[in-house]
Amino acid sequence: DGGITQSPKYLFRKEGQNVTLSCEQNLNHDAMYWYRQDPGQGLRLIYYSQIVNDFQKGDIAEGYSVSREKKESFPLTVTSAQKNPTAFYLCASSMGQNTYNEQFFGPGTRLTVL
Amino acid sequence: AQRVTQPEKLLSVFKGAPVELKCNYSYSGSPELFWYVQYSRQRLQLLLRHISRESIKGFTADLNKGETSFHLKKPFAQEEDSAMYYCALSGNKGDMRFGAGTRLTVKP
């Protein structure tokens, strides 16, 4: 399970503060993804990156930002512009752009806004 | 746009009974479809993918392009199959879309 890690496991934030969630992988995967998981809604794609220094918006990118400066790292910043940030966040990685590649998931970070 | 629909949020069957988890999709291109599973206190993981045409843990799924479906089936459910199941579709950019999930409970 150590291939993809997320930290911290739990995160608390006051309203109006930005917060950054960490995602690291040692699988030498080119592609990385961020999802938000809410009860009854499954996983919704926030951002994804197929290669270093490049990333694309997913379906719910508003209020979030990412960077991909290193192949192994894909941090997600939840900004104060995100209206309802309390959720469970999952990071994933896959070998590359091929559509049939399996995604490997991290353990997740639960963010609570107080 | 890609969309995946899992009409059942909850599904409960008895051990030894057949089980079918439904998945319908909408996508204008040629779809690549997957089933992911999350067992209690474990990470989300791949169960099977359409392209491999494999049977994993007794589960199979057939892509029906006419009905735009990718239902997951197992002839004899086991208690250890109890989990959350997600159907997913990969677009031509490698971006994945997931359904809302179905929680399967297999009763003894």
Members of the stretch B:59-79 found to be more than 29 Å from residue B:29 (Cβ to Cβ) and within 14 Å of chain A (Cβ to nearest Cβ), listed by number: none
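Taking the stretch A:38-54 as the search range and keeping residues that are of a type in the set (A, V, I, L, M, F, W, C) and buried (at least 21 other Cβ atoms within 10 Å of the Cβ), which one is farthest from the other protein chains (Cβ to nearest Cβ)?
Restricting to residues being of a type in the set (A, V, I, L, M, F, W, C) and buried (at least 21 other Cβ atoms within 10 Å of the Cβ), the top hit is A:46.
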Looking only at the stretch B:90-108, which residues are in a strand (DSSP E or B) and touching an Asp or Glu at 6+ places or on another chain (Cβ under 7 Å)? B:90, B:102, B:104, B:106
With criteria (1) of a type outside the set (Lys, Arg); (2) under 16 Å from residue A:41 (Cβ atoms); (3) free of Cβ contacts under 8 Å to residues at least 12 places away in the same chain, residue B:7 comes up short on (3)
Could you tell me whether any residue of the stretch B:63-85 is farther than 18 Å from residue B:100 by Cα and touching a helix residue (DSSP H, G or I) at 6+ places or on another chain (Cβ under 9 Å)? yes
For the stretch B:4-40, which positions are of a type outside the set (Ser, Thr, Tyr) and at the interface with chain A (Cβ under 10 Å from one of its Cβ atoms)? B:4, B:6, B:9, B:29, B:31, B:32, B:33, B:34, B:38
Scanning the stretch A:79-114 for residues that are away from chain B (no Cβ under 14 Å), part of a strand (DSSP E or B) and of a type in the set (Gly, Ala, Ser) gives A:87
Kindly list the number of the only condition in (1) among the hydroxyl-bearing types (Ser, Thr, Tyr); (2) surrounded by fewer than 19 Cβ atoms within 10 Å (Cβ to Cβ); (3) over 19 Å from residue A:57 (Cβ atoms) that fails for residue A:109. (2)
For the list (1) of a type in the set (Asp, Glu); (2) under 17 Å from residue A:100 (Cα atoms); (3) not in a loop (DSSP other than H, G, I, E, B), I need the number of the one condition that residue B:54 fails. (3)
Would you call residue B:56 touching an Asp or Glu at 6+ places or on another chain (Cβ under 9 Å), surrounded by fewer than 17 Cβ atoms within 10 Å (Cβ to Cβ), of a type in the set (Val, Ile, Thr) and within 14 Å of chain A (Cβ to nearest Cβ)? no
Which residues, counting only those in the stretch B:6-46, are under 11 Å from residue B:71 (Cα atoms) and part of a strand (DSSP E or B)? B:19, B:20, B:21, B:24, B:25, B:33, B:34, B:35
Hits in the stretch B:80-101 (condition: facing chain A (nearest Cβ under 10 Å) and among the polar types (S, T, N, Q)): B:90, B:92
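Just so you know, all these numbers are worked out from the coordinates, no wet-lab data involved. No experiment lies behind these values; they were computed from the predicted model shown. Note that we place each Cβ from the backbone using ideal geometry, even for glycine, and neighbour counts take in every protein chain shown.
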